[in-house]
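The values are calculated or read from the model by the stated rules, or taken from the named source; none is laboratory data. Every value quoted in this text rests on a predicted model; they were computed, and no experiment measured them. Glycine gets a Cβ as well: all are built from the backbone with ideal geometry, and neighbour counts include every protein chain shown. Quick note on the areas: whole protein, heavy atoms, side chains included, nothing else; ligands and nucleic acids left out. Shrake-Rupley method; radii C 1.70, N 1.55, O 1.52, S 1.80 Å.
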Amino acid sequence: MEPTPKPRRGRPPRLSRDRIVDTALDLIDRSGLQGLTMRALAHELQADPMAVYRHVRDKDELLGAMCDRLLVALDPIDLDDGWEPQLCHLAEQIRERFAARPALLPALAAAPMTPTSLLIAADTVALLIRAGANATDAAAGVNAVFSYVLGYAVVEAAVPPAADRDALREAALAHLGTNEPPPHLDAAIDLMNDPGDFHTGLDLVLSGLRARLDREARAT
């Protein structure tokens, strides 16, 4: 029986910015954000680190490109359609993207503004202005929605195991120096074990926008 020939070791695929970003996202999925170094990334790419730097200036630029990747291909904003269902749908889409890449959340929280998010925000501000908001309120409203979604994703990713419930209760009582729990301590612990219903919180944010738009409409 003839020996099976060994496969030839060909050249690794040609580097591109997209391939670098894809590989970096795969790397943090396996090793977390702390495992993303330019040297580790170059090893994954089978490339010289200097070759990577020809496509991304530094790690900060790479992180920005990775954050940007989470927001591409979202459903477009239609300025002629209702603002509330579109803003709700946008928030749901962004939350799904964030939940799929929890290891990237610290980078998003540190620098959430990316070129793609800036364009999404501009379209959403335009949608609210079309609905009757002034530019200041529209920008504040969009910022509130984006901040809520990002904050919810961070909390959702950091919720401790349910088995920690008793430990949380004991730690709170020890901190207070008492065995008598304050009112609603158990409800607060429930919040620590569950970030709550996403849509309930989102509706609370959107209700503020509704009220502001109603005031704007009555003033005109």
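Inside the stretch 133-155, can you point out the residues that are closer than 18 Å to E92 by Cα and open to solvent by 50 Å² or more (accessible area, probe 1.4 Å)? The answer is N143, F146, S147, V154, V155. Scanning the stretch 204-215 for residues that are open to solvent by less than 70 Å² (accessible area, probe 1.4 Å) and free of Cβ contacts under 8 Å to residues at least 40 places away in the same chain turns up S207, A211. R130 meets each of the listed conditions (1) surrounded by 13 or more Cβ atoms within 10 Å (Cβ to Cβ); (2) modelled with pLDDT under 90; (3) not hydrophobic (A, V, I, L, M, F, W, C) apart from (2).
Based on this model, can you work out whether L173 counts as open to solvent by less than 80 Å² (accessible area, probe 1.4 Å), of a type in the set (A, V, I, L, M) and at pLDDT 85 or above? When the stated conditions are applied, L173 passes them.
Could you count how many residues in the stretch 183-203 are over 30 Å from W83 (Cβ atoms) and open to solvent by 50 Å² or more (accessible area, probe 1.4 Å)? So the count comes out to 6. Residues of the stretch 42-54 being of a type in the set (D, E) and part of a loop (DSSP other than H, G, I, E, B), which ones? Scanning the stretch 42-54 gives a single hit, D48. Among the residues of the stretch 167-193, those that are of a type in the set (D, E) and in contact with a helix residue (DSSP H, G or I) (Cβ under 9 Å, 6 or more places away or on another chain) comprise E180, D186, D190.
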